[in-house]
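The values are calculated or read from the model by the stated rules, or taken from the named source; none is laboratory data. Bear in mind that the values here come from a model prediction, so they are computed numbers and not experimental data. Backbone-built Cβ (ideal geometry, glycine too); neighbour counts: all protein chains shown. Note: areas computed on protein heavy atoms with side chains; ligands, DNA, RNA excluded. Shrake-Rupley method; radii C 1.70, N 1.55, O 1.52, S 1.80 Å.
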Amino acid sequence: MKRLLLLDGHSLAYRAFFALPAENFSTSTGQHTNAVYGFTSMLINLLRDEEPTHLAVAFDVSRQTFRSEEYAEYKAGRATTPSEFKGQVNLVKEVLDAMGVTHLELDGYEADDILATLTTQATQAGFDEVLLCSGDRDALQLVRDNVTVLYPVKGVSELTRMTPAAVEEKYGVPPERYSDLAALVGEKSDNLPGVPGVGPKTAAKWIGQYGDLEGLVANVDQIKGKAGENVRAHLDGVLRNRRLNQLLVDVPLPVTPDDLARHDWNRDEVHRVFDGLEFKVLRDRLFATLGTAQPEAEGDVSVDGVVLGDGEVETWLAGITGRAGLFVDGTWAKGAGDASGLAIADESGRAAYVDLTTLAPEDEQALAEWLADVTKAKALHDAKGPMHALAARGLTLAGLTNDTAIAAYLVRPDQRSYGFEDLLLRYCHIELPETGKQAAGQGMLDLGDVGATQGDDAMARAAAVATLAAALDEAVADVGGIELMAELELPIVEVLATMEQAGIAVDLDALHELEADYDAQVVAAQQDAWDAIGGEQVNLGSPKQLQVVLFETLGLPKTKKTKTGYTTDAEAIADLSEKAPHPFLDALLRHRDASKLRSTVQGLIKSIGDDGRIHTTYQQTIAATGRLSSTDPNLQNIPIRTESGRRIRRVFVVGEGYDCLMSADYSQIEMRVMAHLSGDEGLIQAFNDGEDLHRFVGSRVFGVEPSEVTSEMRAKVKAMSYGLAYGLSAFGLSKQLRISTAEAQRLMDGYFERFGGVRDYLRQIVDDARATGYTETMMGRRRYLPDLTSDNRQRRDMAERMALNAPIQGSAADIMKKAMLGVDEALRAANLRSRVLLQVHDELIVEVGAGERDEVERIVREQMGAAADLAVPLDVNVGTGRSWQDAEH
DNA sequence: TCGAAGACGTA
DNA sequence: CGTACGTCTTCGAC
């Protein structure tokens, strides 16, 4: 059975472009994707529904064809192609490349000519069926018993099957005569005028009468009335139309239909391309479709599994060869939950399952020793969770030499999600057997002879972890990340687990008080706001309703545009307040402030554990620069800028049995990293002189003595210094400082004149990244930025700013991770009870045991200060107090 | 129920 | 037209 599916890429993408609202389909970088999305969606549906064995997509190259040569007006008068569409054609081709779909284009020919040629060749070569998907009606002339045109009717999801009968029913002529009919009627979109007054009905009647266009021409004098006059008057045009709408069937193509057999597609490429396009649902649909039509998984790992009984653990563990892949059964969430079972698989294909709930003492002892033995190499996927679960059973995990989630993150840090089964497919081309089944087959993990159903799934996963870890070892090595993984990322997992488990104590009464306070403020501000507009009870939390009040009811000047209207953000409201003061605006800002703080407090209250402490979760594989992030709750964004917000920090307190909280933070770490990496003498001197950085820089930029730097000058310089590391433009700086672009430019020029090394360095980063494709931190953490060479200016600019920032932010993150390892290790080595609780990018919060304060301070200063050897000192500020707020300085 | 958009908190 | 995050609320689509 040979079934060829041919698509007119251009016409389908163009249809999709108008069918799907562009504003709903664009990436975070601003690239429109509606046409790509619609086209890809159609393609996936076609693959699913039609199951073609052969496949190709044709594109138009330019409008220069034999048609435009014969008739200069061909397709003239068309609206120019929207620029939002143009760029998407290349993206469509990228999708096709990733999916392994052949696409064809040939100078001087239209896509439909290519389709017609392939259709003819396929028919002659004995293909059973040809399916043509095109939004161009000319394709209808190709319809035959075994050639069907799938014509999009509306949107991107509905296609009509144009069989010979369907063509005849719709147009009143058989497909062979469709071109005759079209020649008479004309085609507006091709700028081919037909005979005035002659529509499809009349044309069909004539063709029925005279057989075809030739017959009609021979008898044209017999046609009566006005229509007859018109057709005689326009005969030349009709014949020209007929020549032009005839599709070519002899286009010189580099392929034959047989070459179009569907072949392997590149899963990595699909991930890469779809990641870039931010297609999530579509990717799932694609995998679901192709997964069944054409199994991608091809690996075959077989496992001999055994459920260990009493007394069998030690012997089995002793027989392990190579690194063990582990999978932990059970549930866990930070402080709570525990492990119920453990599956272990080794490199020789042995696997075992241990039921942790019914473990005999001697087995437990053997297992505990093996788990805690650093010399017994282990691999897990996302080990921190399992560590918590094992810890809940008193088991310690050591000897981690690969965490597959972290390894995948180091290889491609921009991904944000590293699902185990996705990675397994991507790196090993294997799939897990279905849960509960012993499914063994192509691309499935073969469980071999398993003694019992218990633990099957877990053992399969453990075996898969081992396999995946081996593949990822290589991938990590390819990006030069072996040391980073071994020395930084893997050791830090355990530190994070300990921090999460410890949590931080909060004063619940104080939290409730705060909530009540903020709540009262919210209510008061809301009342004030309502009063200010005559009592209308608008929802102040709804930007939509606010826009009505601000710009219609109050008639205030319009603010900056957003996707759906005009912004009501705090900056814009403050601006409005200056231009057109109104009590509503003031009340609105107060309401925003208070309700934000209220919900922060409410969130904290909800997340307090049974132990009266808040246990955040640190995400180690989210931030593309190498930073950690904190969720559930996020303790890295607790307010500090306003006094009202700082009250929340007072609620985080030292726990019972401890002396105080200690906050230790790096002073201007990113600026110091920049000084070091750039080697700029001026900036290095600024830090080594030990005086106020911004004052120093200000004196250089403004050409005055440090003592003469005003606070205003200092503020400007400070904003600029920090902005540099983000790729700030003169425009952005001018907006932030509320100065003219010219003055902002002068400021930046002045800065770069005095600190030329910084400018050179920033340029160098981007140049290097463009050449190599990635940026690198001090510890070799890479970030790949393919958009640096994008045709799309917005995407390219964005990638350049990321390239600028990634080594700076990322090196600072590396340093902090190193410091955390040092502090944690030193605290243990000194046998102190003190422990690290929180990390907020450049700050550590330590809970200090009784009488340990001085020693802890010494350790923290030493370890944080020694985390990197820079050309400038790593200054650390330390403070202590009963609460987080008190510990700040 | 889910996701997008808008808003805003941190470094 | 400034990087990196997470969370909350509203609102409309499903």
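One table, with the values for the structure above:
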{"quantity": "Qualifying residue in the stretch A:591-608 (condition: more than 11 Å from DNA strand B (Cβ to nearest atom), in contact with a strand residue (DSSP E or B) (Cβ under 7 Å, 6 or more places away or on another chain) and among the aliphatic types (A, V, I, L, M))", "calculated": "yes"}
{"quantity": "Qualifying position, being under 17 Å from residue A:46 (Cβ atoms), outside any loop (DSSP other than H, G, I, E, B) and either touching a Cys at 6+ places or on another chain (Cβ under 6 Å) or not assigned by TED's automatic domain parsing to the domain that holds residue A:49 (or both), among A:132, A:118, A:159, A:150", "calculated": "A:150"}
{"quantity": "Filter result (at positive phi and away from DNA strand C (no atom under 16 Å from the Cβ)) within the stretch A:664-686", "calculated": "A:679"}
{"quantity": "Qualifying positions in the stretch A:634-645 - outside any loop (DSSP other than H, G, I, E, B) and more than 8 Å from DNA strand B (Cβ to nearest atom)", "calculated": "A:643, A:644"}
{"quantity": "Long-range neighbours under 7 Å by Cβ, at least six apart or interchain, first residue on the phi > 0 side of the Ramachandran plot within the stretch A:586-612, second open to solvent by 30 Å² or more (accessible area, probe 1.4 Å) and away from DNA strand C (no atom under 15 Å from the Cβ)", "calculated": "A:612/A:508"}
{"quantity": "Residue A:731 being within 16 Å of DNA strand C (Cβ to nearest atom) and among the aromatic types (Phe, Trp, Tyr)", "calculated": "yes"}
{"quantity": "Breaking point among (1) at pLDDT below 75; (2) assigned to a loop (DSSP other than H, G, I, E, B); (3) open to solvent by less than 40 Å² (accessible area, probe 1.4 Å), for residue A:264", "calculated": "(3)"}
{"quantity": "Residue within the stretch A:743-757 that is over 30 Å from residue A:574 (Cβ atoms), of a type in the set (A, V, I, L, M) and more than 13 Å from DNA strand C (Cβ to nearest atom) present", "calculated": "no"}
{"quantity": "Index of the failed condition, residue A:250 passing every other in (1) open to solvent by less than 60 Å² (accessible area, probe 1.4 Å); (2) modelled with pLDDT of 75 or more; (3) under 29 Å from residue A:106 (Cα atoms)", "calculated": "(1)"}
{"quantity": "Sole residue being in a helix (DSSP H, G or I) and in contact with a strand residue (DSSP E or B) (Cβ under 7 Å, 6 or more places away or on another chain), chosen from A:522, A:493", "calculated": "A:493"}
{"quantity": "Residue within the stretch A:566-580 that is within 11 Å of DNA strand B (Cβ to nearest atom), in a strand (DSSP E or B), out of contact with any Leu (no Cβ under 9 Å at 6 or more places or on another chain) and free of Cβ contacts under 8 Å to residues at least 40 places away in the same chain present", "calculated": "no"}
{"quantity": "Close pairs from the stretch A:714-731: first touching a residue at least 24 places away in the same chain (Cβ under 8 Å) and closer than 19 Å to residue A:704 by Cα, partner open to solvent by less than 50 Å² (accessible area, probe 1.4 Å) and in a loop (DSSP other than H, G, I, E, B), Cβ under 9 Å, at least 6 apart", "calculated": "A:716/A:739; A:717/A:709; A:720/A:728; A:721/A:668"}
{"quantity": "Residue list for the stretch A:603-634, restricted to those being within 9 Å of DNA strand C (Cβ to nearest atom) and within 17 Å of residue A:885 (Cβ to Cβ)", "calculated": "A:604"}
{"quantity": "Which listed residue is more than 13 Å from DNA strand C (Cβ to nearest atom), open to solvent by 20 Å² or more (accessible area, probe 1.4 Å) and not polar (S, T, N, Q), from A:814, A:797, A:824", "calculated": "A:824"}
{"quantity": "Single residue of the stretch A:833-868 satisfying the filter (among the aliphatic types (A, V, I, L, M) and open to solvent by 30 Å² or more (accessible area, probe 1.4 Å)) that is farthest from residue A:629 (Cα to Cα)", "calculated": "A:850"}
{"quantity": "Any hit, the stretch A:645-663, residues being within 10 Å of DNA strand C (Cβ to nearest atom) and within 33 Å of the chain's Cα centre (by Cα)", "calculated": "no"}
{"quantity": "Strands (runs of 3 or more DSSP E) contained entirely in the stretch A:313-418, each with at least 3 residues that are among the small types (Gly, Ala, Ser)", "calculated": "A:324-333, A:336-345"}
{"quantity": "Residues that are within 36 Å of the chain's Cα centre (by Cα), part of a loop (DSSP other than H, G, I, E, B) and of a type outside the set (A, V, I, L, M), drawn from the stretch A:833-889", "calculated": "A:841, A:842, A:869, A:875, A:888"}
{"quantity": "Sole exception among (1) within 12 Å of DNA strand B (Cβ to nearest atom); (2) under 22 Å from residue A:718 (Cβ atoms) for residue A:682, by number", "calculated": "(1)"}
{"quantity": "Of all residues making up the stretch A:554-565, the number that are within 15 Å of DNA strand C (Cβ to nearest atom) and either in contact (Cβ under 8 Å) with a residue 40 or more places away in the chain or surrounded by fewer than 16 Cβ atoms within 10 Å (Cβ to Cβ) (or both)", "calculated": "6"}
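A quick yes/no check of all residues on (1) within 11 Å of DNA strand B (Cβ to nearest atom); (2) open to solvent by less than 30 Å² (accessible area, probe 1.4 Å); (3) closer than 20 Å to residue A:597 by Cα:
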position	(1), (2), (3)
A:611	no, no, no
A:619	no, no, no
A:622	no, no, no
A:632	no, no, yes
A:647	no, no, yes
A:653	no, yes, yes
